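Working notes for the structure below.
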Amino acid sequence: MTEKISTLIDELKTLTLLEAAELVKAIEETFDVDASAGGGVMMMNSGGTNTEDGEAVEEKTEFDVSLDEVPKDKKIPILKVVRSVTELGLKEAKELVENTPKIIKEGLTKAAAEETKKTLEDAGAVVTLK
């Protein structure tokens, strides 16, 4: 290992967690890489997915949660989940549950949308992400 690399490693050891996170973000932006790849390996960012004809397709970052179907025997548990997820009143949530398919949350991150979907599915609803 060169002395330059040894010096850099010693400097990195002194960083706080916040400083290390800022450093990773700066490296990702500067070198257009993704440091979240498994095994500590940085992968080059391809800038999106390509279609068959070579056109670039932007990766979706915002998702809508659509309540597609509510089985009659699961209506009350699903209604409770809808109320907690949407913070709607009883009347509004009941109308939403009874008039499926309906979008119940819009513009969520992928993680938040998947969590909402799982919560609704656990209650018995049929849900899709759009």
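The values are calculated or read from the model by the stated rules, or taken from the named source; none is laboratory data. Computed from a predicted model, the values in this text were never measured in an experiment. All Cβ positions, even for glycine, are placed from backbone atoms using ideal geometry, and neighbour counts span all protein chains on display.
The table for this structure:
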quantity: Out of Thr51, Thr14, Thr7, sole residue that is modelled with pLDDT of 85 or more and exposed (fewer than 10 other Cβ atoms within 10 Å of the Cβ); calculated: Thr14
quantity: Which numbered condition Ala111 fails, given (1) closer than 23 Å to Glu62 by Cβ; (2) touching a Pro at 6+ places or on another chain (Cβ under 8 Å); calculated: (2)
quantity: Residue that is surrounded by the fewest Cβ atoms within 10 Å (Cβ to Cβ), among those in region 104-125 that are hydrophobic (A, V, I, L, M, F, W, C) and in a helix (DSSP H, G or I); calculated: Ala111
quantity: Residues that are under 26 Å from Lys60 (Cβ atoms) and of a type in the set (A, V, I, L, M), drawn from region 89-108; calculated: Leu96, Ile103, Ile104, Leu108
quantity: Matching residues, region 1-24, being under 15 Å from Ala35 (Cβ atoms) and part of a loop (DSSP other than H, G, I, E, B); calculated: Leu15
